[in-house]
Amino acid sequence: RYISVTGVQTCALPIFSAGQNVLLNCGSVWRESAVFSSSTMPANTTVGAYGTCVNSLPRISGAADFSQGWTRSGNIWSRSVPAGTPKVSRLFIAGVPHRVAQWPNYVGKGSEYAKTDAPSTASRTQFVVAAADRAALTGKLTPGAVAQVRSDPWYVETLTVTSWNSGTGVVTVSGSSTYPMEGGDGYVLQGQQWMLDAPGEFFHDTVNNKLYVYPSQSGPLASLNSYLVEGSVRDIALSVSNVPGLVVKGIAVGQARQVGVLVQDSLGANISAAQVVGNGDSGVRLVLHSPPAAGTSGGTVSGNLVSDNGRFGIDTTYAASVTISGNTVQDTGNLAYEGISTAAIKAGDANIVSGNRVLRTAYQGIYFSGAGGTQVTGNLISEYCLRLTDCAGIYTWNGSTAPLATAGMSSTVANNRLLAVTANTEGAVGGGFDLVGGIYLDNFSTGVTLRNNIVESGPYGIIVHNSSNNVIDQNKVWLSTVASLKLSMDLTGGSDWMSGNVVSANQLVPALTATGTYPTLPVAGLSLAVQFSDVISGSATLSSGSNLFK
């Protein structure tokens, strides 16, 4: 038997008996929280489409429908929303995402931030508006605004403004930032009505229950009531827990404030042929609080389109033995979004990440666990690290100040192709502000085999940082502008955390770069095959007993 849903689902969820599935008719939209557990859904249940919906997948949406009822004043449209409507975190007009109203206005990557002025000391509670910008904020900026601050090259803080002094330019924020804020950090202010002055922005006034938008396209700008307008109001679109063998297939899920598809403790779940689009934090998240038994699959995420999600596209950080294959994961943290972003794919222990296309991501492309024999193979990664640096297309890390347990730390990264990349250094201050590589083995990674990968045209090809006992062979690293291979050990705690690496049979083709403007002669830049440094062992670490190059 089946539950067939037509149009907009508003009724309570049914109680299931054995053999039932949730199948939605083509083109239908479910705009209520879709929350299932073992008490309402048996094992091996399918949540999917009723029939074949080639061009009109049914949708489970975390957004409310705010079409109709709009009035226009200049370029700004507004309408009332019901009292108690949760803060609309994302807004879509005919599927096109709009950004929360902000200052300064967004004009593109590399030109999106204001820059903090230099305070006397770096601070976790204050930053200083540059003198040239203070007039623009005087009489406008008030407590309650949100500040997105690039406090480190690889991190964006989301902070709430509690006060600001227009004379000194000092902005005070609530709480404490993760990293100190210092002069030159990039920042964006968000979430106050006066900031709504550019196409593609919106503002939700939760006090007066009004929604305002400046449409980004000419059609909605002229006649917004003729278009579908949706605003994210529910934290999770589809949530399922404790349903072994769950299948989610052939549907669209998205536009949630946080997570599109959240599956917890549902061993062997299979998510396939779905479109998971427009979620504030994560597209697909799998969580297994207990690892699967040896030889048992934790789950499968395959053949999906995962697009325009804020922090993660696919997140299996806490789910072991999951296969992530054949997905297109694009525009992670990259569309109408200013907050922190982590990775298009974040893979947990013993995951297999294979044959995916990762396109246009703000930070890491694939971030994998090095434990349990993780495999990252045959992926294509393009346009990564678009907003943040100290970053790579394929990345792993095993701790910041002391190594975590290294038993079972073994993984394979093979047959991947990473296309050209440049470092976005706007608003980045501090170490690693321009550090971008194709493949990056960061602190205390060990036992990784990098083999037969192609890395094209970026500052660095392969980076090994404070990492040991790795095999790097038969890779093609082409046209790196700083160094094809960068190996460095910069910890001073007394131990050499970069030893036992074997680097062999790689094809390294550095690029010659030049700067200058005609008619002056160009100045050639230095590009290296290998850049190597060790703060403790120095050149002694270049030996067959420590690190071997051949």
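Figures for the structure shown
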{"quantity": "Surface accessible to a 1.4 Å probe, residue 520 within the full protein complex, Å²", "calculated": "90"}
{"quantity": "Accessible carbon and sulfur surface of segment 135-188 relative to its total accessible area, %, 1.4 Å", "calculated": "54"}
{"quantity": "Lys/Arg +1, Asp/Glu -1 at C-beta; the chain dipole; positive extreme among 177, 498, 54", "calculated": "54"}
{"quantity": "Rounded Å value of the spacing that divides the Cα centres of segment 255-294 and segment 182-201", "calculated": "32"}
{"quantity": "In the chain, lysine pairs closer than 21 Å at Cα, eight or more apart or cross-chain", "calculated": "6"}
{"quantity": "Per-bin percent of Cα-Cα distances, segment 65-162 [10 Å]", "calculated": "10, 36, 32, 18, 4, 0"}
{"quantity": "Karplus (6.51, -1.76, 1.60) ³J(HN,Hα), θ = phi - 60°, over segment 440-457, in Hz, Gly and Pro reported as x", "calculated": "9, 9, 9, 2, 6, 5, 8, x, 8, 9, 9, 9, 6, 8, 10, 10, 10, 6"}
{"quantity": "More than 13 Å apart - percent of Cα-Cα pairs taken over segment 464-532", "calculated": "70"}
{"quantity": "Given charges at beta-carbon only (K, R positive; D, E negative), |dipole| of segment 184-309 in Debye", "calculated": "400"}
{"quantity": "Accessible area per residue in Å² at 1.4 Å probe, computed on segment 497-539", "calculated": "64"}
{"quantity": "Cβ-based net charge around residue 428, under 11 Å, with every Lys or Arg adding one and every Asp or Glu removing one", "calculated": "-2"}
{"quantity": "Label point distance in nm, residue 305-residue 426, each placed 7 Å from Cα along Cα→Cβ", "calculated": "2.8"}
{"quantity": "Helix-only CD estimate at 222 nm, as mean residue ellipticity for the chain, using -39500 (n - 2.57) per DSSP H run (n ≥ 4)", "calculated": "-500 deg cm²/dmol"}
{"quantity": "Pairwise label distance in nanometres, residue 176 with residue 511, each label 7 Å out on the Cα-Cβ vector", "calculated": "4.3"}
{"quantity": "Hydrodynamic radius (Kirkwood) for segment 308-415, which is based on Cα pairs only, to one decimal in Å", "calculated": "13.7"}
{"quantity": "Sorted largest first, extent of segment 209-358 alpha carbons per principal axis (Å)", "calculated": "59, 27, 27"}
{"quantity": "Cα→Cβ-extended label distance, 7 Å offset, between residue 85 and residue 218, nm", "calculated": "2.9"}
{"quantity": "Backbone HN-Hα couplings from phi across segment 122-139 [Karplus 6.51/-1.76/1.60, Hz, Gly and Pro as x]", "calculated": "4, 9, 9, 10, 9, 9, 10, 6, 4, 4, 5, 9, 5, 4, 5, 9, 4, x"}
{"quantity": "Translational D in µm²/s for segment 197-245 (Stokes-Einstein at 37 °C, 0.692 mPa s, Kirkwood Rh from C-alpha pairs)", "calculated": "239"}
{"quantity": "Amide hydrogen neighbours beyond the local backbone of residue 449, cut-off 5 Å, H modeled", "calculated": "411, 412, 413, 471"}
{"quantity": "Sites residue 130 and residue 273 - FRET efficiency at Förster radius 51 Å, r taken between beta-carbons, to 0.05", "calculated": "0.55"}
{"quantity": "Extended-chain gain in nm, criterion 0.36 nm per residue less alpha-carbon gap, residue 520 and residue 73", "calculated": "155.6 nm"}
{"quantity": "10 Å binning of all Cα-Cα separations within segment 161-216, expressed as whole percents from 0 upward", "calculated": "17, 39, 31, 13"}
{"quantity": "Surface accessible to a 1.4 Å probe, per residue, for the residues of segment 202-282, Å²", "calculated": "31"}
{"quantity": "Stretch gain in nm, segment residue 197-residue 548, where the contour uses 0.36 nm per residue and the Cα spacing is subtracted", "calculated": "120.5 nm"}
{"quantity": "Per-residue HN-Hα couplings for segment 352-367 [Karplus 6.51, -1.76, 1.60; θ = phi - 60°; Hz; x = Gly/Pro]", "calculated": "10, 10, 9, x, 8, 10, 10, 10, 6, 10, 5, 10, 4, x, 10, 10"}
{"quantity": "Within segment 118-163, trypsin sites (Lys or Arg not before Pro) in DSSP loop having at most 15 other beta-carbon neighbours inside 10 Å", "calculated": "140"}
{"quantity": "Rounded percent of accessible protein surface that carbon and sulfur make up, segment 59-133, 1.4 Å probe", "calculated": "52"}
{"quantity": "Mean-position separation - Cα centroids, segment 376-398 and segment 54-100, in angstrom", "calculated": "33"}
{"quantity": "Burial order of peptide ranges 54-61, 115-122 (average beta-carbon count within 10 Å, highest first)", "calculated": "54-61, 115-122"}
{"quantity": "Whole-percent carbon and sulfur share, accessible surface of segment 226-327, 1.4 Å", "calculated": "50"}
{"quantity": "All-pairs Cα distance distribution in the chain, expressed in whole percent, bin size 20 Å", "calculated": "21, 49, 28, 2"}
{"quantity": "Net length gained if the chain between residue 158 and residue 488 were fully extended (0.36 nm per residue, minus Cα distance)", "calculated": "115.6 nm"}
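The values are calculated or read from the model by the stated rules, or taken from the named source; none is laboratory data. From a predicted model like this one, the values you see are computed outputs, not experimental measurements. Because the Cβ atoms are built from the backbone with ideal geometry, glycine has one as well, and the counts that use them run over all protein chains shown. Side chains included, ligands, DNA and RNA excluded: accessible areas come from the protein's heavy atoms. Shrake-Rupley method; radii C 1.70, N 1.55, O 1.52, S 1.80 Å.
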